[in-house]
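Notes follow the structure.
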Amino acid sequence: MTQVVPPILSVTPSRALVDEKFKVLVENLPPGCPVTVRSLHQSEDKHDWEAYGHYISDHSGVVSVSEDLSYGGTYTGKEPMGLLWSMRPVPGSRPGLRLRKMNVCTPMLVTISVHSGHEGFRDKAPLASVLTERWYMAPGIQRISINEQGVQGTLFIPPGPGPFPGLLDMWGGGGGLLEYRAALLASHGYVSLALDYLGFDQESENLELKYFETAFNIIKDHPQVMPDRVGIFGLSLGSLVAVTLAAYSTITKVGPCLSARVNEDNQVIWKDVGLEFITDPSNIVGRINCPTLLVNGCDDQNWPTVETAEDVARLMREAGKEHLLSRLAYPDTGHLIEPPFSPHFRATTFVIRSSKEKVILLWGGQTKPHSDAQEDSWRKILSFLQFHLYCGPSLKAKI
Amino acid sequence: MDRKQCCVKLSVQPSRGLMDEKFIVLVQNALPGSQLTIRALHRCEDGHSWEAFGHYTADTIGTINVSDDPSIGGTYSGVEQMGLLWSFRPIPGSKPGLRMRKKNIQTPMEVTISVYQGHQTEGFADLVPLSGVVVERWYMAPGVRRIPVTEGGLTAALFLPSGPGPFPGLLDLWGGGGQLVEYRAALLASHGFASMAIDYLTAKITMETGKMVDNQYFETAYRVLQQHPQVCGSKIAMIGLSFGTSITLKMAVYSEVIKLSAAVCISGSHVQPVDGSVEEILRFFQKNGDKTRFSEKNEVIWRDLLLPIPTDPSLKVNVGRLQCPLLLVVGEDDQNWPAQESALDIKEMMARAGNSHLLTVLSYPNAGHLIEPPYTTHARSSTFKTIEIEEKVMCLWGGQMVEHSRAQEDAWKKILVFLRENLYGGRNPTSFSHL
């Protein structure tokens, strides 16, 4: 029969979307007690990730991660979400790991625990621990595998009658199908198609372009989508595709056909565009006819995004399209600008598609500023999407 | 003019919450000044559909926030953040006497919340909403484990909070309807108490042998809980509702084995043959069956069976001998048990004995018998089958919906604080401030 009653740890809410904040509270500690609050997560590929902060309880025996300062650990200062964004592989893990959820139908499980002391906190069993769920998918979202007209991807449809605005979501040169951002966007009310595209062969550019046009049409033609409110979301290589799609595609061209209406209201988001592959950037950029949000990290070590962003701004200005462009540039932020509270990776292993060679790619960024950028940019992206795809009038005058 | 609006955005935060957590329902992007109906729909496990709805007017920027804005009609009115849950009622055409209770607590209650154009009151099935979301409401927090208990002939379920423990323990008893009712224990475990829900009227052993359980059954439950490696054996409390109160008071005062750190008694009484077994107590109630009354709607009122409160000490648990803090929760419109009269008598007995510092009474005007966890649908009456009678009757529980729902919310918070103080120590728990 055990006698001692432990401290009380709570995480509120215990189930949340990945972009929602939580409050971690420890009560019933002795006053002035040094403790470590730690998060632990085992990824789908069986690696352990952790974050921790060192705290001291107040006179009533309480530690509030939202209010108190961490004195050390993987984050310092007042950081309500530090236990998530400062996660890194546990000591002894192999280098170059990256944390990404492949199965979005289940939540990310994170164990938050409180330990006695600061140094060597891991040597003892935790005083208390709770499990919290972080979801990419809100309840009621439908997930549908798409394999039609040669297009492969996954479609996420929000609950409710619709119709909804649509988004084509594209990742970068790593290839493969990553669903988590599309699932999260659907949780915010957009029919989102996570598109699987395996490499972008610039020689057969036009053929590839058709692939994306078809994908775009699948969204546009979906009975629950408002055809004049479809946008494109791209990261890294995906944004390059987005640019090209918006500029070159026949479906976005101005013309005397029904699709003319479509053109004015496509929204594009670029992230970290590298225009080296495009022979005549001005031709592409100048043809963009829709509101565009460009997000880049100033410490991006993967693409020359700062220079590129300047180029884009200049080209759009020259084409008289400057009013369509918004830019978010974040200092000390790297290439992989992910949804908020995702851990930061300065460098990870990456497989080059063509040679199958495994390298360590440097993405850049310093953890704290990068995490702030993720949180800030996501809020601004959602606001941008809400404004243009939800609130704006459905028919804009042609410029 | 009723122009169809598009792009009305509805959000409920959190989309996955515990049953006792509040949520924020927000409508955005509606036409300023437009009339809208926000409706909740739930299909429960036995296939019945329930609905609740409020009538709102969008403000100058096209927003409705259910936490701040008043409903001017529907199943609830005024500023009621959680009205969409506690004002649930069966959809038109449902059979009478329904009560919403979840049996499988390992899955969430799913509620669809939608917004409709105009102030609608019926025919929702034929209307297309402007927007809709799905919300999950859970009795079990992540990491809470459910462990069936059959040791010592028990029919019980133990809910352990997540983490190493050790945790204070709780024995959870319901009333005369029997069955193993798990949801309150699951929710209490989600707040850090190792809670064991116990079936003591329709336990497997009773169904098989035809014999009712005796006092030893409860002592066995106590022992099993106490000896569990993740339970702090010196910190065990008991919570009972209705007939569960009778058992709780009896054990708290007379058991040599059960040493409680605290007791919570909801909607019950101390009136019972003091030396009686469970069976004898039930027979005592039955003996007074002729005091049953009926409402104008022919609903059964059983509150008089134990009235007047006897003066004979052999017919009342001697609460003057109680040695642990006691929280009594009373609905003043309880039509099933004379909870208010009993509470007054308990207070007097304890004052005379000098242990009234242990007593706290929460008495709620216009609350009925079934004081459940917050936002549980209020049932003023429902079909009920006790273990003694063969057919179902329509039982009057009492209570008015609004006051009863407020009572549930208030009582739950106070119960949690009471349990926290007596089982964990420490005051002013901040972690309940979001409830």
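FYI, it's all coordinate maths here, none of it is from the lab. None of these values were measured; they are calculated from a predicted model. Positions of Cβ are backbone-derived with ideal geometry, glycine not excepted, and every protein chain shown enters the neighbour counts.
For this structure, a couple of remarks:
- Taking segment A:66-195 and dividing mean pair separation by its residue count, relative contact order in percent (alpha carbons under 8 Å, at least six apart): 18
- Applying both filters, DSSP loop and at most 14 other Cβ atoms within 10 Å, to the trypsin sites (Lys or Arg not before Pro) of segment A:1-110 gives A:21, A:46, A:78.
- Selected from B:343, B:127, B:233, residue furthest toward positive end of dipole (chain B; charges at beta carbon): B:233
- Taking 0.36 nm per residue of separation and subtracting the current Cα-Cα distance, fully stretching the chain between residue B:216 and residue B:351 would add 45.5 nm.
- Exposure proxy shown here: for B:174, B:86, the number of other Cβ atoms within 10 Å sets the order, fewest to most, as B:86, B:174.
- In terms of surrounding Cβ atoms within a 10 Å radius of their Cβ, B:207, B:140 rank from fewest to most as B:207, B:140.
- Taking the fewest neighbouring Cβ atoms within 10 Å as the starting point, the ordered list for B:376, A:74 is A:74, B:376.
- Placing +1 on the Cβ of every Lys and Arg and -1 on the Cβ of every Asp and Glu, with no other charges, gives the protein assembly as shown a dipole of roughly 460 debye about its Cα centre.
- For chain B, size of Cβ-based charge dipole, Lys and Arg +1, Asp and Glu -1, in debye: 680
- Residue mean of other protein chain beta carbons inside 10 Å, A:42-55: 0
- In loop segments of segment B:222-318 as defined by DSSP, the trypsin sites (Lys or Arg not before Pro) with at most 13 further C-beta atoms inside 10 Å of their C-beta are B:297.
- Estimated at 0.36 nm per residue, the fully extended path between residue B:81 and residue B:150 surpasses their Cα-Cα distance by 20.7 nm.
- Sparse packing (at most 14 other Cβ atoms within 10 Å of the Cβ) combined with a DSSP loop state is found for none of the chymotrypsin sites (Phe, Trp or Tyr not before Pro) in segment B:1-67.
- For the protein assembly as shown, the residue among A:212, A:167, A:110 whose Cα projects farthest onto the positive side of the dipole built from Cβ charges is A:110.
- Residue A:88-residue B:304 FRET efficiency (beta carbon distance; Förster radius 51 Å; 0.05 resolution): 0.15
- R0 of 51 Å, Cβ-Cβ distance residue A:59-residue A:362: FRET efficiency to nearest 0.05: 0.65
- If R0 is 25 Å, the Cβ-Cβ spacing of residue B:344 and residue B:323 corresponds to a FRET efficiency of close to 0.70.
- Taking every residue in A:308-321 and counting other chain Cβ atoms within 10 Å of its Cβ, the average works out to 0.
- Pairwise label distance in nanometres, residue A:46 with residue B:104, each label 7 Å out on the Cα-Cβ vector: 3.2
- Each semi-axis of the equivalent ellipsoid for the protein assembly as shown is √(5λ) with λ an eigenvalue of the Cα gyration tensor; in descending order they amount to 57, 32, 21 Å.
- With one equal scatterer per alpha carbon and no solvent term, the Debye-computed log10 I(q)/I(0) for segment B:145-424 at 0.07, 0.09, 0.13, 0.15 1/Å reads -0.22, -0.38, -0.83, -1.15.
- Extension gain, residue B:391-residue B:283: 0.36 nm per intervening residue step, less the Cα-Cα distance, totals 37.1 nm.
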